[in-house]
Amino acid sequence: MIMKDLMIITIGMLILIIGVLIGVAFLVLLERKVLGYIQIRKGPNKVGMMGLLQPFSDAIKLFSKEQVYLNYSNYMFYYFSPVLSFMLGLMSWMVIPYYFNMIVFNMGILFFLCCTSLGVYTVMIAGWSSNSNYSLLGGLRAVAQTISYEVSLALIMLSSIMLIMDFNLIKFMNYQEMIWFLIMMMPLSMCFLSSLMAETNRTPFDFAEGESELVSGFNTEYSSGGFALIFLAEYSSILFMSLLFVIMYMGGYDLSLFFYLKIMLISFSFIWIRGTLPRYRYDKLMYLCWKSYLPVSLNYLLFFIGLKMMLIYKMNLV
């Protein structure tokens, strides 16, 4: 029986990975199309009907290109850090509260925080092991940015956890039947969304890949398969963050058509913001985190702790 369960879980995991990869492929296509229309031009429209097969042709091109072996790189770290990055991106998908065939996490939020914390190391090692000044600078900037925004991200999530008193993501659905947390925690939810953008290195916080001053950032020396894995890790984390935002602030996990439309809306907002806003200045990015988001999230955390204590006290009186 245990072997049968393990086999079912393995098959479920494989289906999940395939689903995530296909989702990433079409998210990239959506981004290229939307950015094209924002810049008043056509996006990909030649490969397949309306460019639908473009992401698959790009994937084949990337993985069939020649792999560059750097003479002065720290080869093992250089080679395996994109693989580890991609694995961590897929591992975070395990916390989603599936109803069947999968692992159910009671400590899902803690596991998610562990995965995002480890993601910092892959970027740092990728930048350092390439033995390029541009890559190292990009890696260091990415690490400083990600660590800073992880603090505000964790504190904002703690406010939601205080309200539901559980680390299991499936509980968010029960508590949002009457009102979404997006409305009830309005300033915090917007802080959370922009912290997610900083966490995934997206515009206007894409300092790890500042083309104007860093050539390409921490992935300067990567080509073919290594670059493709970094790319896949980034976009799978964007999809996951959109899903997490919907679960935590927009009604929870309910597997209806409306649920998937909400995920599409948040993913689309990531792309829309990329096409609209210029890059932030680096010192302003740090000020935003430490002088704006941190005090706001701490104040709201104390407020929600007080609110929860008051409710528990009233319930005990009754």
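Read-outs throughout are calculated quantities, based only on the coordinates presented, and are distinct from any laboratory measurement. Since the model is a prediction, treat every value here as computed from it, not as a measurement. Because the Cβ atoms are built from the backbone with ideal geometry, glycine has one as well, and the counts that use them run over all protein chains shown.
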Between residue 166 and residue 79, what length in nm is gained on full extension when 0.36 nm per residue of separation is reduced by their alpha carbon distance? 27.4 nm
Under 24 Å between C-alpha atoms, the lysine pairs in the chain lying 8 or more places apart or on different chains count 10
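Would you mind finding the longest exposed-site-free stretch of the chain, with exposed chymotrypsin sites (Phe, Trp or Tyr not before Pro) meaning DSSP loop and at most 10 other Cβ atoms within 10 Å? Mind dumping the intermediate values first?
Details: sites that count: 69, 72, 99, 100.
So the longest stretch without any such site is 101-318.
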FRET efficiency estimate (nearest 0.05) - Cβ-Cβ, residue 64 to residue 299, R0 45 angstrom: 0.25
Could you give the nm distance between label points at residue 56 and residue 292, where each point is 7 Å from its Cα heading toward the beta carbon? 4.3
Just want the ordering: 230, 312, from fewest to most Cβ atoms lying within 10 Å of their own Cβ. 312, 230
The FRET efficiency for residue 177 and residue 18, from their Cβ-Cβ distance with R0 = 45 Å and rounded to 0.05, is 0.85
Any chance you could run the full-extension gain for residue 40 through residue 87? It's 0.36 nm times the residue separation minus the Cα-Cα distance, nm to one decimal. 13.3 nm
For the residue pair residue 257 and residue 273, what label-to-label distance in nm results when each label sits 7 Å from Cα along the Cα-to-beta-carbon direction? 2.9
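Want the number for residue 9 to residue 26: 0.36 nm per residue separation, take away the alpha-carbon distance, what's left? Walk me through the numbers before you get to the answer.
On the way: separation 17, 0.36 × 17 = 6.12 nm, distance 2.58 nm.
Taking residue 9 through residue 26 to full extension adds about 3.5 nm, to one decimal.
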